[in-house]
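Following: one structure in C-alpha cells, then a few remarks.
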C-alpha cells in the first residue's frame, strides 16, 4: 500500500466515520505504511519469532522461559496458516480453544499460554516502533 491508496481510503470512509474514528483510521493506515516500509510485513512468521526470542534473550529471560515462548508460539503458528502479522484475536482464541480440547488442560494452563501470545504481539509492535525511530539513535530492540 502507498500513500495514495491510504488517502483514497480516507476519502471514501469520511462520509461514514466521525472525526475521532477518522483519526484512528489515519493512524492505522500510517502504521501499516510504516510497517510495509520497514519490511516487517514481508518477514516470515519464523523470522519474526526468531527476532522476538533474540530480544527476550537480551532482556535476560531464562532459557526455560525462552523455550516455553518458542514452543507455544510455534504450536500456534502451526495451527494457523496465516502470517503472524495478519493473525487476529479470533485466530488466537480458536487456537486456545482447540489447545484446551486436544490436551485436556485446565483453564490455568490455557491462561498461561494465553499470556505468551500478547507478549509476542507486543514484541512485534515494539520492534516496529524501534525500527521507526532508528534515525534518532535509539538502540531499543
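The values are calculated or read from the model by the stated rules, or taken from the named source; none is laboratory data. This is a predicted model, so every value here is computed, not measured. Cβ placement follows ideal geometry from the backbone for every residue including glycine, while neighbour counts extend to all protein chains displayed.
Descriptive notes on the structure:
- Meets criteria (surrounded by 14 or more Cβ atoms within 10 Å (Cβ to Cβ) and not in a helix (DSSP H, G or I)) for residue 61: yes
- Of the residues making up segment 81-106, those that are assigned to a loop (DSSP other than H, G, I, E, B) and over 14 Å from the mean Cα position of the chain (by Cα) are 81, 104, 105, 106.
Listed here are the residues, each with its yes/no results for (1) at pLDDT 85 or above; (2) not assigned by TED's automatic domain parsing to the domain that holds residue 67.
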site	(1), (2)
108	yes, no
118	no, no
125	no, no
129	no, no
141	no, yes
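- Any hit, segment 76-90, residues being modelled with pLDDT of 85 or more, out of contact with any helix residue (DSSP H, G or I) (no Cβ under 6 Å at 6 or more places or on another chain), surrounded by fewer than 16 Cβ atoms within 10 Å (Cβ to Cβ) and over 12 Å from residue 45 (Cα atoms): no
- Test result for residue 3, modelled with pLDDT under 80 and more than 24 Å from residue 122 (Cβ to Cβ): yes
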